[in-house]
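Scroll down for the structure; my scribbles are underneath it.
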Amino acid sequence: MKYEQADIPGKEARELVAVGPAAIEGLGVTRNPWEKLRRFTDARIAQGRSGVSTPTRALLEFQLAHAEAIDAVHVPLDIDSLQQRLSELTHEVGRVNALRLRSQAIDRMTYLQRPDLGRVLDEESRQRLVSSRVNPQSAVDLALVIVDGLSSRAVQDNAAPFIECLCSRLNNGDHEPFSLAGLSMVEQGRVAIGDSIGELINARCVLVMIGERPGLSSPDSLGLYLTWAPRHGLRDSRRNCISNVRPAGLSYDEAAERAVYLLRQARKLNTSGVALKDRRQSPVVSADKAAQNFLVK
Amino acid sequence: MAKASVARSGDRLAGVIADSSQERAAAQMVLAELPLRAFLNEMLIPYEEDEVSRLIVDTHDAKAFSAISHLTVGDFRDWLLSDLATSDVLTQVSTGITPEMAAAVCKLMRNQDLILVAKKCKVVTAFRNTIGLPGRLSTRLQPNHPTDDRNGIAASMLDGLLYGSGDAVIGINPATDNVEQAIMLMRLMDDVIQGYGIPTQSCVLTHVTNTLEAIEAGAPVDLVFQSIGGTEATNQSFGFNLDTLAEARSAALSLNRGSIGNNVMYFETGQGSSLSAGANHDLDQQTCEARAYAVARRFSPLLVNTVVGFIGPEYLFNGREIIRAGLEDHFCGKLLGLPMGCDVCYTNHAEADQNDMDNLLTLLGVAGCNFIMGIPGSDDIMLNYQTTSFHDALYARRVLGLNPAPEFERWLREANIFMDVPGTVLENHVPDIFRQQLNSLSEAS
């Protein structure tokens, strides 16, 4: 078997592996005659086998995917380039530079082992945030907080286009508008840090955009967490979550639609979390019918 | 106890870890001198405060304990390793051992000790097949899909069956967690199991109260699932108590769906869950984990699965810590009489990779682990973590000379999935029973 050298990591390497040698029989690899089932799932089915082991091609594909996921965790967020993308947004929220904040986790190793530190702003950031308030007495409706979380790539790629979609839907139509606080960006942060930020700038609601724990097939999942009446120390049960926002997952538009729905409901109910459910209609199918599949007709 | 535990990030996070290696070694020496009886007189979480403590005390078998009642923790290690502790003796003594005794002796044992003693413990359970017999290694086929797409699930199921996976259970973690969806998935799996006459059982890993509702709605429930922890407060955070489990178990038993046995519970555990729920009572995470086995033991489960690397690096930082914890859990569970399996796994933010998993899988195979997971290409596209693949299970079976559960193995050979030769050799063709279904699908993708 022969693979060409991959000069550039990432997509290009993936393509090189994917084209691989077409004829691998006769080299010890047994192909599975059920490869057509791949249309039904992204799971790594019908990989074939070398004896009973994983064939080289599947092994290399796996390792590349794992490498992408690890890099998503460990490559730091490029704040400057994200700021650049935000400033290109059509909505005015991108025009003022985002406030750059840090948690108390001083580096990635600390961050990974001490989730408690990732939930708290470091002192300098706290002061900068407090002094950034133009008029501390008057509340603002919504604070948007970008947090690197466990995937810098998710934030790097998806935060700006999602904000674009969100802002275009947010103050659309006859609904009461939401006033927006300036953006903030947090390094080495966990979800709950958004609540402290919202509290400090006197926001009625905070929406955190954070890199989710990367999966092998989804190193770029952005998670959205909404808290109404945010304050330090709230539990998970007070937040609503929208997960898997990325091009190959939940689209920016659909995510923005859900977020706006939740924001309006939160304002109506004056709370968020378990008391706030997404009650938009979904089609009901009986369990018998729904269980049908190609294996059993 | 906590100071004597082998170092890991979760105990550091909890602030209960030894301050230095010397302090740890000294703590282990002190622990070795402690009589086993001390664990009966002094509960780590008071009897009055915690129903798991009450369960441990109230169900303790003093007669079984009498064989080891004269031992210190250090003596206990020697005794477990000795030729006195045969498989039969360990079975007899098991109900006299409390989780704290198991956790304590575990802290004095090296990895090879954990393997050697676990290997001597025999725990066999049954529902539609027999799991845990010597020379056997079973697998949970885990055909998860991010949207519970029925054809997506069926595709992973077929892939797994054709790789000889699924004798422990076919178990789905639902992406959408409600009763309706659970019932749909139960029917899907039941249709396949009954339709193809596969001697195995199914389980939807949904909350115990959902499964109870599904049973009431007439759904085909084989096994009742629940994640469990070692303190009452942990289980409270999971939304159940011991009465809930008892109720669910008798509901499942009333369905009478097991053909050769009536172990109807499937539990999952994992070090760190108590701390994560703020419910660890300042105990170390390995001790909390062992206490979860007291909960499991009460309900005669078919399977207990320690999901060792799923929780993340703040509890088990790297491959080394995950491997140690996997061996500890398997040992403690087996010693307490449980049908232990292990989700040999890691997340992408832990310092671990496939090589670490190969090591743990091989060690657990040697230790006589009852079952592991099986998933296409190690990649769970719903839960976003990596566990053992169908290929991995075949590797372990091959290098260690292990076979699936006997009833399932017979089915694999009759269905021409395994060749009719000794060992695990796969056929190269689609077996007749699945050919029609596959052929009816067009080739275009």
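Just so you know, all these numbers are worked out from the coordinates, no wet-lab data involved. Fair warning: this is a prediction, and the values are worked out from it, not measured in the lab. Using ideal geometry, Cβ is built from the backbone for each residue, glycine included, and neighbour counts are taken over all protein chains shown.
Assuming a viscosity of 1.567 mPa s and a temperature of 4 °C, what translational diffusion coefficient in µm² per second does Stokes-Einstein assign to segment B:272-398, Rh being the Kirkwood radius over Cα pairs? The calculation lands on 88 µm²/s. Pairs of C-alpha atoms in the protein assembly as shown farther apart than 44 Å represent 27 percent of all such pairs. Over 19 Å apart at the Cα level, from the set B:Lys3/B:Lys122; B:Lys63/B:Lys119; B:Lys122/B:Lys334, are B:Lys3/B:Lys122; B:Lys63/B:Lys119. When Lys and Arg each count +1 and Asp and Glu each count -1, what net charge do the other residues less than 15 Å away from B:Ala248, Cβ to Cβ, add up to? Here the count lands on -3. Given contacts defined as C-alpha pairs under 8 Å and at least six residues apart, what's the relative contact order of segment B:66-160, whole-number percent? This gives 21 percent for segment B:66-160.
Translational diffusion of segment A:151-283 was estimated from the Stokes-Einstein equation, with Rh taken as the Kirkwood radius over Cα pairs; at 37 °C and 0.692 mPa s the coefficient is 217 µm²/s. Label positions at A:His74 and B:Glu33, each projected 7 Å from the Cα along the C-beta direction, are separated by 4.4 nm. Using C-alpha pairs below 8 Å separated by at least 6 residues, the relative contact order for segment B:1-112 is 30 percent. Note: segment B:99-208, Cα convex hull, 150 Å³ per residue. Using the Cβ-Cβ distance between A:Ser131 and B:Gln236 with R0 set to 41 Å, the FRET efficiency works out to roughly 0.45.
Taken along the Cα-to-beta-carbon direction at a fixed 7 Å, the label points for B:Thr91 and A:Arg31 span 5.0 nm.
The order of B:His70, B:His60, going from fewest to most other C-beta atoms within 10 Å of their C-beta, is B:His70, B:His60. Among residues other than B:Gly377 with Cβ under 12 Å from its Cβ, the summed charge is -2 (Lys and Arg +1, Asp and Glu -1). Beta bridges per DSSP, both residues in the protein assembly as shown: antiparallel share near 35 percent.
Each part gets one Cα centre, and for segment B:1-39 versus segment B:350-409 those centres are 31 Å apart. Ordered by the count of other Cβ atoms within 10 Å of each Cβ, fewest first, B:Met419, A:Met185, B:Met189 give B:Met419, A:Met185, B:Met189. How high is the relative contact order of chain A, in percent, counting Cα pairs under 8 Å that sit 6 or more residues apart? 16 percent. Positive-end ranking of A:Ser152, B:Leu114, A:Ile163 along the dipole of the protein assembly as shown, with charges on Cβ about the Cα centre, is headed by A:Ile163. Counting only the Cα atoms, chain B fills a convex hull of 134 Å³ per residue.
Each of B:Leu80, A:Leu250 was scored by other Cβ atoms within 10 Å of its Cβ. Arranged with the fewest first, they read A:Leu250, B:Leu80.
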